[in-house]
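Note sheet for the following structure.
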Amino acid sequence: MILSPFDKQLCEQVQLALPLAERPFATLGASLEADEDKVLFRMQTLLKEGVITRLGLQLNPLALGRAVTLVASSVPEEQIHWATEILNSQEWSSDLTLRDHHYNLWFQLEGPDMKEVERTLAELGAQCSLGFHSLPALWTFKDQDYLAITGQARASLNTRPGPQSKVDLSEEEKQLLRDMQGDWPLRGRLFDAWATPQRPVGKVLSLTQGLLDRGVIRRCGAQLNPRPLGYQAQALWACRIPDHAIEEVGLYTAGFGCVRSVHHRQAFADWRYNLYVTLQARRSDEIQQTTQQIGQHFGIRIHEHLPMIQAFSRGPNRYPIQ
């Protein structure tokens, strides 16, 4: 699909944030010098063509009191298909990725607490007859999915990771989050879908804004498919950084446009890396240039580059809001 300049601007804006307004697509259209009907029509087309994969909330699982870890495994080639089928069917696994490395299979696993995550991981390891290594995050410096399409929306990007522990929610906020999970309808008065006589649309908007401000909701907007937008390369860069320099290196690395996430993680026995950087770009040489610049700036000598071979996508988790 060939995207028009308008489509590119629309994709860039709607991935950042859908306006919290009674007629969000009309408000979005006004910023793009288009009417509501044109925005809705192009959004529908982009969804149908797979450029936009979904419209909805992106929640912060840590703010909901969830535990999350990154998992690495070395899987023989003949077992990859079977292992990915099992892992992709597991309710709380996500971001399943095959990489060009000895540790070739990576995924994220969530649970109500870390003890339950480790129990689930042990069960999955026994089921798959594989060794899984858990790398929980000790700190997050950046975690966002922004794709720079035109570059015009970059100034509006919020790269802050949000709260990394449970946020207290009112019963009204909890119920709204239960209601708003899942794919959103594409219609003019979008937020009417969650309005009730006791919770009019103005209340829906104010509660949603409050949850955004407190980092419980990361984004209200669209998730984009990188490949139709020209993003062909993705890699994980794992480095060994002295503990005293982790914060400086992490914050510096988070400032690069092609860097999607930066985490300080707990290492495991034969894997000594403690800083994990996910990068996405149109070409692999852009990723190489970025990691070389960071490495040279700090004199990083111990590191591994893990290009992505394949990503196994699935729908977002639906969280139990307690």
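The values are calculated or read from the model by the stated rules, or taken from the named source; none is laboratory data. Since the model is a prediction, treat every value here as computed from it, not as a measurement. Using ideal geometry, Cβ is built from the backbone for each residue, glycine included, and neighbour counts are taken over all protein chains shown. The protein model used for the area step is the full one, side chains on, heavy atoms only, and it has no ligands, DNA or RNA in it. Shrake-Rupley method; radii C 1.70, N 1.55, O 1.52, S 1.80 Å.
Table for the structure above
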read-out: By average C-beta atoms within 10 angstrom, highest first, the peptides 183-189, 235-241; value: 235-241, 183-189
read-out: Whether region 244-288 is rounded, prolate or oblate, judged on the alpha carbon gyration tensor where a/c under 1.5 counts as rounded; value: oblate
read-out: Cross-link pairs beyond the 26 Å C-alpha cut-off, checked among 48/142; 8/142; 142/166; value: 48/142
read-out: Estimated FRET transfer efficiency (residue 49, residue 240; beta-carbon r; R0 35 Å; 0.05); value: 0.25
read-out: Residue 195-residue 102 FRET efficiency (beta carbon distance; Förster radius 45 Å; 0.05 resolution); value: 0.30
read-out: Nonlocal amide H pairs with residue 265, under 5 Å, H built at 1.01 Å; value: 138, 275, 276
read-out: Whether the chain is rounded, prolate or oblate, judged on the alpha carbon gyration tensor where a/c under 1.5 counts as rounded; value: prolate
read-out: Percentage relative contact order, region 207-319, counting C-alpha pairs under 8 Å, at least six apart; value: 32
read-out: Pairs of Cα atoms farther than 14 Å apart, region 254-322, %; value: 70
read-out: Histogram of C-alpha separations across region 173-308, 10 Å bin width, %; value: 10, 30, 21, 22, 14, 3, 0
read-out: Accessible area per residue, Å², the chain with all protein chains present, probe 1.4 Å; value: 48
read-out: Mean separation of Cα contacts under 8 Å (6+ apart) over length of the chain, as relative contact order %; value: 26
read-out: By average C-beta atoms within 10 angstrom, highest first, the peptides 228-234, 314-320; value: 228-234, 314-320
read-out: Exposed GluC sites (Glu not before Pro) absent: longest stretch of the chain, with sites in DSSP loops and at most 12 other Cβ within 10 Å deemed exposed; value: 92-322
read-out: From phi via Karplus (6.51, -1.76, 1.60), per-residue ³J(HN,Hα) for region 168-173 in Hz, x at Gly/Pro; value: 6, 10, 6, 4, 5, 5
read-out: Largest-first principal axis extents of the Cα set of region 11-105 (Å); value: 53, 33, 22
read-out: Cβ-defined net charge surrounding residue 311, 14 Å radius [Lys, Arg +1; Asp, Glu -1]; value: +1
read-out: Of all accessible heavy-atom area on the chain, the percent that carbon and sulfur account for (1.4 Å); value: 48
read-out: Region 1-77-region 294-312 distance, computed between alpha-carbon centres (Å); value: 28
read-out: Cα gyration tensor shape of region 44-87, rounded if a/c is under 1.5, else prolate or oblate by comparing a/b with b/c; value: oblate
read-out: Candidate lysines for bridging to residue 203, where Cα separation is under 21 Å - those fewer than 8 sequence places away on the same chain excluded; value: 174
read-out: Built amide H within the under 5 Å cut-off of residue 260, gap 5+; value: 278, 279, 280
read-out: Highest-fluctuation residue, 170, 206, 74 considered, GNM on the chain with Cα pairs under 10 Å; value: 170
read-out: Region 59-65 - phi-based ³J(HN,Hα) in whole Hz, Karplus 6.51/-1.76/1.60, Gly and Pro as x; value: 9, 9, x, 5, 5, 8, x
